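Notes follow the structure.
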Amino acid sequence: MSGVIDSVSWVLVRGRTVLFVRTGGRSRFYLPGGKREPGETDAGCLTREVREELGVRLDAASLRRFADLDEPADGYTDGRRVHMTAYTADHDGRLAPQGEVVELAWFGTADADRVPAAGRRVLGLLAERGEID
């Protein structure tokens, strides 16, 4: 069954690297965020997911669309794709793994093999803009 996974993600750049998270039982790292619940807005979904995954509060007023991505979905062999709307935003609190997230990592372009296609695309866009190495 092919289809589209609709998701939102948070792009946080610090020290010329980007924040990625890893959930238990997975080897790849993903951008923080997730799938929208029925009737949920991008802002509502992203603030909920980031709070659940990282224990911080996003400043909804600071949300800025970074990119709309359409890439092969990781872990599916049926042609499924992920449509991801990526945002930047300010946050309050200390980043720490929560819930299903077991590890945080800060990656640059040299780490592209550790993330799925959507993550590689974000790394490439940030490198083109000169924001990461």
GluC sites (Glu not before Pro), restricted to the stretch 1-95: which are DSSP loop and have at most 16 other Cβ atoms within 10 Å? Glu40
Taking other Cβ within 10 Å of each residue's Cβ, how do Ser27, Ser7 sort, fewest first? Ser27, Ser7
Cut-off is 10 Å between beta-carbons; in what order do Leu123, Leu104 appear when sorted fewest neighbours first? Leu104, Leu123
Value at 222 nm in deg cm²/dmol, rounded to 500, when DSSP H runs of n ≥ 4 in the chain each add -39,500 (n - 2.57): -6000 deg cm²/dmol
On a full-extension model of 0.36 nm per residue, what is the gain between Ser62 and Glu37, subtracting their alpha-carbon distance, rounded to one decimal in nm? 6.8 nm
Among the GluC sites (Glu not before Pro) in the stretch 89-133, which ones are in a DSSP loop with at most 15 other Cβ atoms within 10 Å of the Cβ? Mind listing them? Glu100, Glu131
Share antiparallel - DSSP beta bridges, the stretch 4-128, percent rounded to 5: 75
What does the net charge come to around Leu125 if you take all other residues with beta carbon closer than 13 Å to its beta carbon, with K and R at +1 and D and E at -1? 0
Quote the Stokes-Einstein diffusion coefficient, in whole µm² s⁻¹, for the stretch 29-133, based on the Kirkwood radius over alpha carbon pairs, a temperature of 4 °C and a viscosity of 1.567 mPa s. 88
Give the order of Arg80, Arg64 when sorted by the count of other beta carbons within 10 angstrom, beginning with the fewest. Arg64, Arg80
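Here, each number is a calculation from the coordinates, and none is a lab measurement. Nothing here was measured: the structure is a model prediction, and the numbers come from that model. Don't worry about glycine lacking a Cβ; one is built from the backbone with ideal geometry, like all the others, and counts go over all protein chains shown.
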